[in-house]
Amino acid sequence: MVVLREKEKNIVRSKFGKELVNDVRLVVFTQEFECEYCNMTRELVEELAALTDKIKVEVYDFERDSEKAKRWGVDKIPALLIFGKREYGIRYFGIPSGYEFASLLEDIVDVSRGSSRLSQATKEKLKSITKPVHIQVFVTPTCPYCPRAVRTAHQMALENENITADMIESLEFPYLANRYQVMAVPKVVINDVISFEGALPEAQFLEQVLLAVDSDGLVSRR
């Protein structure tokens, strides 16, 4: 199955040619059965890799390669991890389609360059984080505001190795959407103690991350 049309391929090929600097590894966890969007996610990634020699693809089976899945904290599929000079905590759970396709392309560029586009002030404050931070951003493919939240979270993960940031496609993982009471998207959940809806500006997003780091686990915000 062809995921990208020829016009889209030409646009992406040109973007990659101009903006990619270093090699990027796209790590995909899939499974032949019981995963509706696994094959399409793998095919999308392989089509992107065919547009440049700077993208390398690694495909693993969620069950057969369970040790690797455990190592990288992959607990559901389809999963896509983006690695560069190191194993950044930049992850997609569910196919990055619709508006999220743009997020994927920009993440690949940032990882290739090894730096985010966050403000210097934000980068400096992120350096103070020494505890594990897990950011989950719940999205849908048709949400025009979701990519902003996803990109902010992923750029924070790029800047600090203690941060792991997940895009989670709500329609593909309804049990998680139900667990976190996702009534509107984007919804951001940080360390299971802080949550908010909407694509907050960078500085306000950072405030929520820092609040989650300092929380004793009793704080919850919706």
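The values are calculated or read from the model by the stated rules, or taken from the named source; none is laboratory data. These numbers were taken from a predicted model, which means no experiment stands behind them. For neighbour counting, all protein chains shown are included, and Cβ atoms are generated from backbone atoms with ideal geometry for every residue, glycine included.
A quick yes/no check of all residues on (1) touching a Leu at 6+ places or on another chain (Cβ under 8 Å); (2) part of a helix (DSSP H, G or I); (3) outside the structural domain of residue 171 (by TED's automatic domain parsing):
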| site | (1), (2), (3) |
| --- | --- |
| 48 | yes, yes, yes |
| 67 | no, yes, yes |
| 74 | yes, no, yes |
| 95 | yes, no, yes |
| 103 | no, yes, yes |
| 106 | no, yes, yes |
| 109 | yes, yes, yes |
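Out of curiosity, is residue 128 more than 23 Å from residue 12 (Cα to Cα), of a type in the set (Gly, Ala, Ser), out of contact with any His (no Cβ under 8 Å at 6 or more places or on another chain) and not in a helix (DSSP H, G or I)? Yes, satisfied. Taken over region 1-45, residues that are of a type outside the set (A, V, I, L, M), under 19 Å from residue 87 (Cα atoms) and out of contact with any strand residue (DSSP E or B) (no Cβ under 9 Å at 6 or more places or on another chain) amount to 1. Screening residue 86 on (1) touching a helix residue (DSSP H, G or I) at 6+ places or on another chain (Cβ under 6 Å); (2) more than 23 Å from residue 176 (Cβ to Cβ); (3) surrounded by fewer than 17 Cβ atoms within 10 Å (Cβ to Cβ) shows it passes everything except condition (1).
So that you can scan it fast, the table gives a plain yes or no per residue for (1) more than 16 Å from the chain's Cα centre (by Cα); (2) without any contact (Cβ under 8 Å) to a residue 40 or more places away in the chain:
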| position | (1), (2) |
| --- | --- |
| 20 | yes, no |
| 35 | yes, no |
| 39 | yes, yes |
| 53 | yes, yes |
| 77 | no, no |
| 85 | yes, no |
| 88 | no, no |
| 99 | no, no |
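Could we say that residue 167 is farther than 21 Å from residue 77 by Cα and either in contact with a strand residue (DSSP E or B) (Cβ under 9 Å, 6 or more places away or on another chain) or among the aliphatic types (A, V, I, L, M) (or both) here? So residue 167 fails the test. Checking 150, 185, 137 one by one, the residue that is part of a strand (DSSP E or B), under 19 Å from residue 100 (Cβ atoms), at pLDDT 95 or above and not assigned by TED's automatic domain parsing to the domain that holds residue 34 is 137 and no other. Residue pairs whose Cβ atoms lie under 6 Å apart, sitting 6 or more positions apart in sequence or on different chains, and linking a residue in region 108-126 that is touching a residue at least 12 places away in the same chain (Cβ under 8 Å) and under 15 Å from residue 86 (Cα atoms) to a partner that is part of a helix (DSSP H, G or I) and not aliphatic (A, V, I, L, M), are 109/19; 116/110; 116/155; 116/159.
Scanning region 114-164 for residues that are crowded, with 16+ Cβ neighbours inside 10 Å and in contact with a Lys or Arg (Cβ under 6 Å, 6 or more places away or on another chain) turns up 138, 159.
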